[in-house]
1. When Asn59 is evaluated against the numbered criteria (1) over 23 Å from Arg120 (Cβ atoms); (2) surrounded by fewer than 22 Cβ atoms within 10 Å (Cβ to Cβ), which criterion, by number, is the only one it fails?
2. Restricting attention to region 62-94, and to residues there that are of a type in the set (Gly, Ala, Ser), surrounded by fewer than 19 Cβ atoms within 10 Å (Cβ to Cβ) and out of contact with any helix residue (DSSP H, G or I) (no Cβ under 6 Å at 6 or more places or on another chain), which single residue is modelled with the highest pLDDT?
3. Looking at region 159-170, is at least one residue at pLDDT 95 or above, among the hydrophobic types (A, V, I, L, M, F, W, C), under 15 Å from the mean Cα position of the chain (by Cα) and under 25 Å from Ile60 (Cα atoms)?
4. Which one of the conditions (1) surrounded by fewer than 20 Cβ atoms within 10 Å (Cβ to Cβ); (2) among the basic types (Lys, Arg); (3) in contact (Cβ under 8 Å) with a residue 24 or more places away in the chain; (4) over 21 Å from Glu39 (Cβ atoms) does Arg152 fail to meet, given that it meets all the rest?
5. Are any residues in region 212-224 more than 16 Å from Val192 (Cα to Cα) and either touching a Lys or Arg at 6+ places or on another chain (Cβ under 8 Å) or modelled with pLDDT of 95 or more (or both), and if so, which ones?
6. Are any of the residues in region 93-102 assigned to a loop (DSSP other than H, G, I, E, B) and without any contact (Cβ under 8 Å) to a residue 60 or more places away in the chain?
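The values are calculated or read from the model by the stated rules, or taken from the named source; none is laboratory data. What you see is a predicted model, and the numbers here were worked out from it, not measured in a lab. Virtual Cβ from ideal backbone geometry, glycine too; neighbours counted across all protein chains shown.
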Amino acid sequence: MKTLPKPVFQRILLKLSGEALVGDQEYGINPAVVLRVAEEVKDLRRLGVEVAIVIGGGNIYRGVAASAQGMDRTSADHMGMLATVINSLALQDALEKMGIFTRVLSAIDMHQIAEPYIRRRAVRHLEKGRVVIFAGGTGNPYFTTDTAAALRAMEVKAQIILKATKVDGVYDTDPLINKKAKKFKSLSYIEVLNRGLKIMDATAISLCMDNHLPVIVFNLNRRGNIKRVVLGQKIGTVIRR
């Protein structure tokens, strides 16, 4: 009988941007991308890893952009939070079709489609082997889903945040624009803040720094990368003390 490799993390929080679900479309949800993400999460569950997920809503609605066009920021951010619920339900559907028990916990009450976020309930779901998707951000305007990811990771005692992006780590400039951009293998929290690197917002990085929660930034578009990170392979950029 083949022995499964041993993961270096037992409980992780996976942070997905809403844009990650777009694929080659201009906006919305690409079912093929959602299915691929679900397959990778299934791989983690086979290894016995407890998985929590936070998804952004930028593929449907981005509060800051709408605010710049004249909409009230609070209203715009609430619309963005609802977009994260839509994305969460899409991923839940894909996971459950693969036989992975999944719970969506929302910071905004909507009992017909999601459980309310209660920390002890979330931890219990993880202990029972269910994938937990945190929707609705923090439930408050002016906070990003990066901050929600940092907050939820600490509340459920995740060992690390895996931030999946369109590039294979953190660079000094945008590698999609500058082909000579320098990639960092590792960074401290302070370096991220001082350099103004836009991988996560300052509030999220500060929360991680204050609570010694490491972050790994890596490319979601390469199949199997989430599993590689969990198995301890050196990919992406590590942010820590």
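1. Single failed check for Asn59: (2).
2. Result: Ser75.
3. Of all residues in region 159-170, those at pLDDT 95 or above come to 159-163.
Next, only the ones that are among the hydrophobic types (A, V, I, L, M, F, W, C) stay: 160-162.
This time we only want the ones that are under 15 Å from the mean Cα position of the chain (by Cα), so: 160-162.
Filter once more, keeping what is under 25 Å from Ile60 (Cα atoms): 161-162.
Looking through region 159-170, at least one residue is at pLDDT 95 or above, among the hydrophobic types (A, V, I, L, M, F, W, C), under 15 Å from the mean Cα position of the chain (by Cα) and under 25 Å from Ile60 (Cα atoms).
4. It fails just one condition, (1).
5. Of all residues in region 212-224, those more than 16 Å from Val192 (Cα to Cα) come to 219-224.
Those that are more than 16 Å from Val192 (Cα to Cα) and either touching a Lys or Arg at 6+ places or on another chain (Cβ under 8 Å) or modelled with pLDDT of 95 or more (or both): Asn219, Leu220, Asn221, Arg223.
6. From region 93-102, those assigned to a loop (DSSP other than H, G, I, E, B) are 98-101; that's our starting set.
Subsequent filtering for residues that are without any contact (Cβ under 8 Å) to a residue 60 or more places away in the chain retains 99, 101.
The answer is yes, given that some residue of region 93-102 is assigned to a loop (DSSP other than H, G, I, E, B) and without any contact (Cβ under 8 Å) to a residue 60 or more places away in the chain.
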